[in-house]
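These notes are about the structure you will find just below.
A short reminder: the numbers here are calculations on the coordinates, not readings from a lab. Just so you know, these numbers come straight off a predicted model, no measurement behind them.
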Amino acid sequence: MLERDTSGKEWFDKQRAKYVQAWASHNLAESLGHPSMGFVPTETLREWAMRHELLQYLPQVYRA
């Protein structure tokens, strides 16, 4: 049985996840009126997540 080299696929999968996360973060910050997620107030993100039924996916610190 031949062993397949999956390191290339794994690298591309990691890169895809990295860039999708960066894209989503940038677009969310922009839609909330901020230049990046670092400027989005906790309460603003929490309210957005509640409106879109995504609160459970935020870190615990945002749900308190």
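Sequence-ordered 3J(HN,Hα) estimates for the range 45-50 from the Karplus curve with 6.51, -1.76 and 1.60 and θ = phi - 60° stand at 5, 4, 4, 4, 5, 5 Hz, glycine and proline given as x. Computing percent of Cα pairs over 14 Å apart for the structure here picks out one of (1) 68; (2) 63; (3) 76, namely (1). Stretching the chain fully between Lys9 and Thr42 yields a gain of 8.3 nm (0.36 nm per residue, less the alpha carbon separation). The angle separating the long axis of helix 7-31 from the principal Cα axis of greatest extent in the chain is about 10 degrees.
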